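Novice: My structure is below; once you've seen it, I'll send some questions.
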Amino acid sequence: MNKIGLGLLAGAATLALTSGASAQPAQCANRINDTLRELLECVTVEGVRVHQQAFQDIADANGDVRFSGTEGFDNSVFYVAPLLEAAGYDVTIQSFEYFANVKSGPAILDQTAPAQVEYIENLDFQKFRQSDAGDVTAPVTGVDLALTDPATSTSGCEVADFAGFPSGNIALIQRGTCDFLTKVQNAADAGAVGVIVFNQGDTPDRVGLDGGTLGRENQSGIPALFTTFTLGEELAGIAGLEMRVVVDAVRGPTETFNILAETPGGDPDSVVMVGAHLDSVIEGPGIQDNGSGSAAILEVALQMAGAETRNKVRFAWWGAEESGLIGSDFYVLDSLTQAERDQIALYLNFDMIGSPNYVRFIYDGDGSTFGLQGPPGSDLIEGLFERFYARQGLAFEATEISFRSDYAAFFDSGIPFGGLFTGAEGIKSQAEVAIYGGVAGDQYDPCYHLACDTFDNIALDILDVNSDAVAFSTLFLANTRIPNLNALERRGYIPPIAERRGNYLVR
Ligand SMILES: [Zn+2]
């Protein structure tokens, strides 16, 4: 396990004190916000920012990341869970294990003797995917190389190739005959502390860099780099060669968590789920992706604490989303029985709802724009968000069901879903600028999956509107016999929906 021990209670005790009590109107603390009017008054962008600041502080104290399996993520859990517990929710921290594999820094290949030469990553060499981490400097020993034409290398494929290999050295190996892992594992078994594999050089398509992988099953425990044939051939000819090989990666079985917090009351056979992923990528603190969604649903949960709703409401903060939707998959597909899945009436997903160069996207639940519709009922949830925006004269448009966020497992289970999104690495068009403002030709989120995804990487106006949208959709659906959008119109919370899709402005 990569994980360092939990220390849950110690972390919780100090972090719970940082919650912002003064970010809401005074009356909010003295009543139960069980109507839409009350809840929308009390869910403020200032309240959401308190949680984003807490996530930023956690990242600052933990190497600038909140990636699942790191202290930054665990401390995010310790921040969120106690606040929910104190607010009266039934809270579960669900542990699960996943296989982490991320590059966490540049790879290095340097010649340290007889000359000092720094080679260039992605030009001269690259890290093998699924290489283990390591930072070694040692003499280099070539292993059964076949440099001259026809270069029919079996380098490193047989244990016998390593006869006499000096333990503690770096192995210089040529591609060919067997897979990369066989070569690297044989080297590790022979005592190599690192491996450089160079391309075979037998045909024109086997000279450059090639993006190879050692495979998930790699357990060699040593860093491994891949180089061009040209560089490998050169290195093989240097007497007294000593090199430094560095792979900076987080790799291996890793424990991480989902948080589930549900209302004590409400119909358990009609559960409204509201989720956001809590983890960041390894590159940065993730305060927009997805500190925006996870802070917004937290603030909504806290402000509607104590509300007695018709349906049970279950909030979820997912772990390991950035490693492939692993936490939400685990929860929905592995931890629930079919009977428990059947109790979930619908799922709302909020992943990136404050992009600096935003568009107001709604998941295309009815498939009218992108052709793929969600499970029945997803169309109604899309309609609910459309009405929310339309009521305020705000434009919106559909975004494709792309399975790039935590709704995927719900979709696969036939559970209706919907949600909001303000854009990631996509490029904003002139037409979108005409409607939403912002910068044409830039990404919706210029800091998407980067170190600059900080507290400042947020458009406050859209975060404000979308936090209200989270509050509105959550409480409305919590009290709705699902699906029942017409009641919303009758009660006057929304205008009658017009006959339109796409870029729609009420006025
Ligand atoms: Zn995300």
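The values are calculated or read from the model by the stated rules, or taken from the named source; none is laboratory data. The shown structure was predicted, so the numbers you read here are calculated from the model rather than taken from an experiment. Backbone-built Cβ (ideal geometry, glycine too); neighbour counts: all protein chains shown.
Quick grid of which residues meet (1) of a type in the set (Lys, Arg); (2) part of a loop (DSSP other than H, G, I, E, B); (3) surrounded by 23 or more Cβ atoms within 10 Å (Cβ to Cβ):
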position	(1), (2), (3)
Gly211	no, yes, no
Glu217	no, yes, no
Glu234	no, no, no
Gly284	no, yes, yes
Gln288	no, yes, yes
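Novice: I'd like the full set of residues that are of a type in the set (Asp, Glu) and away from the ligand (no atom under 16 Å from the Cβ), limited to the stretch 386-417.
Specialist: Glu386, Glu397, Asp412, listed by residue number.
Novice: Out of all the residues in the stretch 106-153, which are surrounded by 14 or more Cβ atoms within 10 Å (Cβ to Cβ), touching a strand residue (DSSP E or B) at 6+ places or on another chain (Cβ under 7 Å) and assigned to a loop (DSSP other than H, G, I, E, B)?
Specialist: Across the stretch 106-153, the qualifying residues are Ala107, Tyr119, Asp124, Phe128, Gln130, Ser131, Asp132, Ala133, Val143, Leu145, Ala146, Ser153.
Novice: May I ask you to say which residue of Glu242, Glu262 is touching a Lys or Arg at 6+ places or on another chain (Cβ under 6 Å) and touching a residue at least 60 places away in the same chain (Cβ under 8 Å)? Quick ask: steps written out before the conclusion?
Specialist: Working: Glu242 fails: touching a Lys or Arg at 6+ places or on another chain (Cβ under 6 Å).
Answer to the check: Glu262.
Novice: For the condition small (Gly, Ala, Ser) and within 14 Å of the ligand (Cβ to nearest atom), what is the one hit in Gly371, Gly324, Gly383, Gly377?
Specialist: Step by step, each of Gly371, Gly324, Gly383, Gly377 is checked, and only Gly324 is small (Gly, Ala, Ser) and within 14 Å of the ligand (Cβ to nearest atom).
Novice: Still on this structure, I have one more. Which of the residues spanning the stretch 237-280 are of a type in the set (Asp, Glu) and either in contact with a Ser or Thr (Cβ under 7 Å, 6 or more places away or on another chain) or within 15 Å of the ligand (Cβ to nearest atom) (or both)?
Specialist: Of everything in the stretch 237-280, those that are of a type in the set (Asp, Glu) and either in contact with a Ser or Thr (Cβ under 7 Å, 6 or more places away or on another chain) or within 15 Å of the ligand (Cβ to nearest atom) (or both) turn out to be Glu242, Asp248, Glu255, Asp279.
Novice: For the stretch 396-417, what are the residues that are in a loop (DSSP other than H, G, I, E, B) and surrounded by fewer than 17 Cβ atoms within 10 Å (Cβ to Cβ)?
Specialist: Answer for the stretch 396-417, where residues must be in a loop (DSSP other than H, G, I, E, B) and surrounded by fewer than 17 Cβ atoms within 10 Å (Cβ to Cβ): Glu400, Ser402, Phe403, Arg404, Gly414.
Novice: If I filter the stretch 441-464 for residues that are away from the ligand (no atom under 16 Å from the Cβ), in the same structural domain as Glu46 (by TED's automatic domain parsing), more than 26 Å from His51 (Cα to Cα) and not aliphatic (A, V, I, L, M), do I get at least one hit?
Specialist: Yes, there is a match, as at least one residue in the stretch 441-464 is away from the ligand (no atom under 16 Å from the Cβ), in the same structural domain as Glu46 (by TED's automatic domain parsing), more than 26 Å from His51 (Cα to Cα) and not aliphatic (A, V, I, L, M).
Yes/no per residue for (1) hydrophobic (A, V, I, L, M, F, W, C); (2) outside the structural domain of Phe472 (by TED's automatic domain parsing):
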| site | (1), (2) |
| --- | --- |
| Glu217 | no, yes |
| Leu231 | yes, yes |
| Leu235 | yes, yes |
| Pro264 | no, no |
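Novice: Taking the condition hydroxyl-bearing (Ser, Thr, Tyr) and under 22 Å from Asp248 (Cα atoms), does Thr137 pass?
Specialist: In short, yes.
Novice: Tell me which residues, restricted to the stretch 281-318, are farther than 22 Å from Asn466 by Cα and within 16 Å of the ligand (Cβ to nearest atom).
Specialist: Correct list: Val281, Ile282, Glu283, Gly284.
Novice: Would you point out the residue of the stretch 436-485, among those that are part of a loop (DSSP other than H, G, I, E, B) and among the charged types (D, E, K, R), that is nearest to Gly105 (Cα to Cα)? Spell out the reasoning first.
Specialist: Step one: of the stretch 436-485, the residues part of a loop (DSSP other than H, G, I, E, B) are 437-442, 444-459, 479-484.
Filter again for among the charged types (D, E, K, R), leaving 442, 445, 453, 456, 481.
Details: Asp442: 26, Asp445: 22, Asp453: 17, Asp456: 24, Arg481: 50 Å.
It comes out as Asp453.
Novice: Please find, within the stretch 418-437, the residue that is surrounded by the most Cβ atoms within 10 Å (Cβ to Cβ) out of those that are within 17 Å of Asp351 (Cβ to Cβ) and more than 13 Å from the ligand (Cβ to nearest atom).
Specialist: Going through the qualifying residues, I end up with Gly418.
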